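I have placed the structure first, in the form of structure tokens, so that the comments after it can refer back to it.
The values are calculated or read from the model by the stated rules, or taken from the named source; none is laboratory data. From a predicted model like this one, the values you see are computed outputs, not experimental measurements. Virtual Cβ from ideal backbone geometry, glycine too; neighbours counted across all protein chains shown. Side chains included, ligands, DNA and RNA excluded: accessible areas come from the protein's heavy atoms. Shrake-Rupley method; radii C 1.70, N 1.55, O 1.52, S 1.80 Å.
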Amino acid sequence: MKTVIFTGGSIDKETVIEQMERIRPDAVIAADHGLGFCDSCGIVPDYIVGDFDSLDHRVIDRYRAEGKVPIDTFQPEKDMTDTDIALEKAIAIGSTEVFFFGATGTRLDHTISNIFNLYKLYDRGIQGWIIDRYNRISMPLGNRVVLKKAEVYGGNISMFPLRGELRGVTLHGFKYPLTDAVLVQGDGGLSVSNAVVEEEAEIIWQAGILILMETRD
């Protein structure tokens with residue numbers, strides 16, 4: 001089950017149109033200010049969640065009056081971000097793949113928090129992606145990723161370990177190959193800005209958790 005979450009960061013309309021056509025989600029969750037984006041674009045969510053402290057009250061009031069979409073309302077003083085709440089809703093409805101729009105932007109603290117949120121999905125065996133105009137960020141399940149040159153999100157491929165080392169890293173089909181390497185937190189230069197040079201490229205690792213970033217300028 002594919003679920004798209006719209007949350008309160010920066011969202012590019014053209015990117016959303018392109019990606020929604022590709023993803024074809026089974027469910028859409030709007031979190032707080034993400035509902036404002038959906039409303040402006042004619043996207044009707046299946047679920048609405050949040051404290052709505054950053055949303056024009058007229059928008060949420062209209063959805064409440066219509067009563068067509070379930071709304072989970074929280075107090076602003078809470079231990080979870082609105083994106084966290086939407087993520088838990090996605091898990092609760094049985095999502096197997098989750099795509100975030102609006103999970104990046106000017107608030108670097110929220111961006112970092114949302115990248116860590118990919119681990120919450122990973123830990124449950126759910127594949128997650130954060131997508132914006134310039135980046136596609138994922139935490140791949142398993143120990144192998146195949147990237148097709150024609151389908152990569154941007155020309156730059158960067159890899160980082162989460163929660164320790166990424167061991168036994170081998171790269172095939174990249175400009176800068178690796179064989180049985182170890183990626184260590186804090187040594188980001190080794191695995192930043194690689195590029196796919198063959199029709200298909202392969203990332204293999206023996207142990208650890210990979211943060212994969214496909215980026216473009």
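Just a few scattered comments:
- Here GLY94 passes the criteria (1) open to solvent by 20 Å² or more (accessible area, probe 1.4 Å); (2) not in a loop (DSSP other than H, G, I, E, B) except the one numbered (2).
- Any chance PHE101 is surrounded by 12 or more Cβ atoms within 10 Å (Cβ to Cβ), aromatic (Phe, Trp, Tyr) and closer than 21 Å to MET139 by Cβ: yes
- Residue match in segment 101-124 (condition: over 24 Å from SER10 (Cβ atoms) and of a type in the set (A, V, I, L, M)): no
- Any hit, segment 72-83, residues being touching a strand residue (DSSP E or B) at 6+ places or on another chain (Cβ under 6 Å) and of a type in the set (A, V, I, L, M, F, W, C): no
- Total residues in segment 62-91, condition part of a helix (DSSP H, G or I) and without any contact (Cβ under 8 Å) to a residue 24 or more places away in the chain: 5
- Residues (touching a residue at least 24 places away in the same chain (Cβ under 8 Å), surrounded by fewer than 17 Cβ atoms within 10 Å (Cβ to Cβ) and assigned to a loop (DSSP other than H, G, I, E, B)) located in segment 172-207: GLN185, VAL192, SER193, ALA195, VAL197, GLU198, GLU199, GLN206
- Any chance VAL169 is open to solvent by less than 60 Å² (accessible area, probe 1.4 Å), at pLDDT 95 or above and over 19 Å from LEU141 (Cα atoms): no
- Scanning segment 28-43 for residues that are in a helix (DSSP H, G or I), touching a Gly at 6+ places or on another chain (Cβ under 7 Å) and open to solvent by less than 10 Å² (accessible area, probe 1.4 Å) yields one hit, GLY34.
- Considering residues of segment 44-58 that are in contact with a helix residue (DSSP H, G or I) (Cβ under 6 Å, 6 or more places away or on another chain) and closer than 22 Å to ASP109 by Cα only, the residue most open to solvent (accessible area, probe 1.4 Å): SER54
- Restricting segment 1-20 to residues that are within 22 Å of ILE93 (Cβ to Cβ) and not in a loop (DSSP other than H, G, I, E, B), the residue that is most open to solvent (accessible area, probe 1.4 Å): LYS2
- Within segment 196-217, being within 21 Å of the chain's Cα centre (by Cα) and of a type outside the set (Asp, Glu) holds for ILE203, GLY208, ILE209, LEU210, ILE211, LEU212, MET213, THR215, ARG216.
- Flag if TYR119 is touching a Leu at 6+ places or on another chain (Cβ under 8 Å), open to solvent by 20 Å² or more (accessible area, probe 1.4 Å) and farther than 18 Å from VAL49 by Cβ: yes
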